[in-house]
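Here is the structure we will look at, set down as structure tokens.
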Amino acid sequence: MRRDGRLGVGIIGAGRVGPVIGAALGGAGHAIIGITSGSDDDRVAGVLPDVPVLDAQEVLRRSELVILAVPHDELPGLVSGLVDVGAWQPGQLVLHTDPAFGIGVLEPAQRSGAIPLAVHPAISFTGTSIDLRQLQASFAAVSAPGPVLPIAQALAVELGCEPVVIAEEDRPAYAEAIATASEFSRAIIGQSTSLLRRIGVENPGGYLSALVQSTVETALREESDPPAV
């Protein structure tokens, strides 16, 4: 770690999440040292200009903080595979962004001396700079061993989020809540726009926009306000 507390950050995962996390941490003053290649390197370059594309082992070799932003099913194998090649370094911070896993999935890396952190920003990522504005108004689920929990919380704040500690045993319920809110919303909107399109309404998404936004905002406000005594 540099004397000013800034970290050299490497990112494994060049989908919608990893580059945005890197851009947010870069904006907070950390040095983004590299990212693995993805399916749309031009989009990644637009979010993280001049950041070199490296293989996963080289990302770990150069990084003090490693961000793992890969699909849920790939995360356990990635962590174990990097153990098998001796890539993890003692004292290295490793942070994953998956909502369902806590720090348990990082145990193989932890046995190699890495410090496990789980931080999930509760937004729907687009993979563009728009997400940086969304992060500023969002919360993040944070899980970490007690002694390093402040590090995870501080990184969430640097992303622009308000950290909320989620216990390891509560991560599955947390993930279910996130999936319900996002997937159910998409399904209902898809069904509604299909019905409107069937009866000849042009631009059904635009037609429903104000209704959906006001309904969701009202529901969220009702659930956020303290219950009446």
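Here is a list: Gly46, Gly15, Gly10, Gly22. Which entry is in a helix (DSSP H, G or I), of a type in the set (Gly, Ala, Ser), in contact (Cβ under 8 Å) with a residue 24 or more places away in the chain and closer than 14 Å to His96 by Cα?
After applying the criteria, what remains is Gly22.
Considering only region 47-57, how many residues are on the phi > 0 side of the Ramachandran plot and buried (at least 21 other Cβ atoms within 10 Å of the Cβ)? Before you say what the answer is, go through the steps one by one.
In the first step, residues of region 47-57 are kept if they are on the phi > 0 side of the Ramachandran plot; the result is 50.
So of that shortlist, the ones also buried (at least 21 other Cβ atoms within 10 Å of the Cβ) come out as none.
Of the residues in region 47-57, 0 are on the phi > 0 side of the Ramachandran plot and buried (at least 21 other Cβ atoms within 10 Å of the Cβ).
Can you name the number of the only condition in (1) touching a strand residue (DSSP E or B) at 6+ places or on another chain (Cβ under 9 Å); (2) exposed (fewer than 15 other Cβ atoms within 10 Å of the Cβ) that Phe184 fails?
All conditions are met except number (1).
Restricting to region 33-46, name every residue that is among the hydrophobic types (A, V, I, L, M, F, W, C) and surrounded by 23 or more Cβ atoms within 10 Å (Cβ to Cβ). Let's see the steps before the verdict.
Looking only at region 33-46, we keep the residues that are among the hydrophobic types (A, V, I, L, M, F, W, C), and these are 33, 35, 44-45.
If the condition is that a residue be among the hydrophobic types (A, V, I, L, M, F, W, C) and surrounded by 23 or more Cβ atoms within 10 Å (Cβ to Cβ), then Ile35, Val44 are the ones that fit.
So which pairs qualify, if the first residue must be in region 65-82 and of a type in the set (Asp, Glu), the second must be at pLDDT 95 or above, the Cβ gap must be under 9 Å, and the two must be at least 6 apart or on different chains?
These pairs meet every condition: Glu74/Gly13.
Determine whether region 75-86 contains at least one residue that is touching a Ser or Thr at 6+ places or on another chain (Cβ under 8 Å) and closer than 26 Å to Val164 by Cβ.
Checked region 75-86: no residue is touching a Ser or Thr at 6+ places or on another chain (Cβ under 8 Å) and closer than 26 Å to Val164 by Cβ.
With respect to Gly29, determine if the residue is in a loop (DSSP other than H, G, I, E, B), in the same structural domain as Gly127 (by TED's automatic domain parsing) and either within 16 Å of the chain's Cα centre (by Cα) or surrounded by 16 or more Cβ atoms within 10 Å (Cβ to Cβ) (or both).
No, not satisfied.
Going through Gln153, Gln136 one at a time, which residue ends up being closer than 24 Å to Gly91 by Cα and either among the polar types (S, T, N, Q) or surrounded by 14 or more Cβ atoms within 10 Å (Cβ to Cβ) (or both)?
Exactly one residue qualifies, and that residue is Gln153.
Among the residues in region 58-69, are any buried (at least 17 other Cβ atoms within 10 Å of the Cβ), assigned to a helix (DSSP H, G or I), of a type in the set (S, T, N, Q) and within 19 Å of the chain's Cα centre (by Cα)? Can you show your working first?
Within region 58-69, the subset buried (at least 17 other Cβ atoms within 10 Å of the Cβ) is 59-60, 63-69.
Within this subset, residues satisfying the condition of being assigned to a helix (DSSP H, G or I) are 59-60.
Still in the list and also of a type in the set (S, T, N, Q): none.
Looking through region 58-69, none of the residues is buried (at least 17 other Cβ atoms within 10 Å of the Cβ), assigned to a helix (DSSP H, G or I), of a type in the set (S, T, N, Q) and within 19 Å of the chain's Cα centre (by Cα).
Could you please give the count of residues in region 34-43 that are in contact with a strand residue (DSSP E or B) (Cβ under 7 Å, 6 or more places away or on another chain) and assigned to a helix (DSSP H, G or I)? Break it down stepwise before answering.
Residues of region 34-43 in contact with a strand residue (DSSP E or B) (Cβ under 7 Å, 6 or more places away or on another chain): 34-37, 41.
Of the ones still in play, those that are also assigned to a helix (DSSP H, G or I) are 41.
Count: 1.
Would you check if there is a residue in region 164-175 being within 30 Å of His30 (Cβ to Cβ), at pLDDT below 95, out of contact with any Lys or Arg (no Cβ under 7 Å at 6 or more places or on another chain) and of a type outside the set (A, V, I, L, M, F, W, C)?
No - not one qualifying residue is present in region 164-175.
Report those helices (runs of 4 or more DSSP H) wholly inside region 104-202 carrying at least 1 residues which are more than 22 Å from Gly13 (Cα to Cα) and in contact (Cβ under 8 Å) with a residue 40 or more places away in the chain.
Hits in region 104-202: 171-198.
Before we move on, is Ala122 under 21 Å from Pro71 (Cβ atoms), at pLDDT below 95 and either touching a Pro at 6+ places or on another chain (Cβ under 9 Å) or among the hydrophobic types (A, V, I, L, M, F, W, C) (or both)?
The answer is no for Ala122.
The values are calculated or read from the model by the stated rules, or taken from the named source; none is laboratory data. Owing to the predicted nature of the structure, the values given are computational and were not obtained by experimental measurement. Here Cβ is always computed from backbone atoms with ideal geometry, including for glycine, and neighbour counts include all displayed protein chains.
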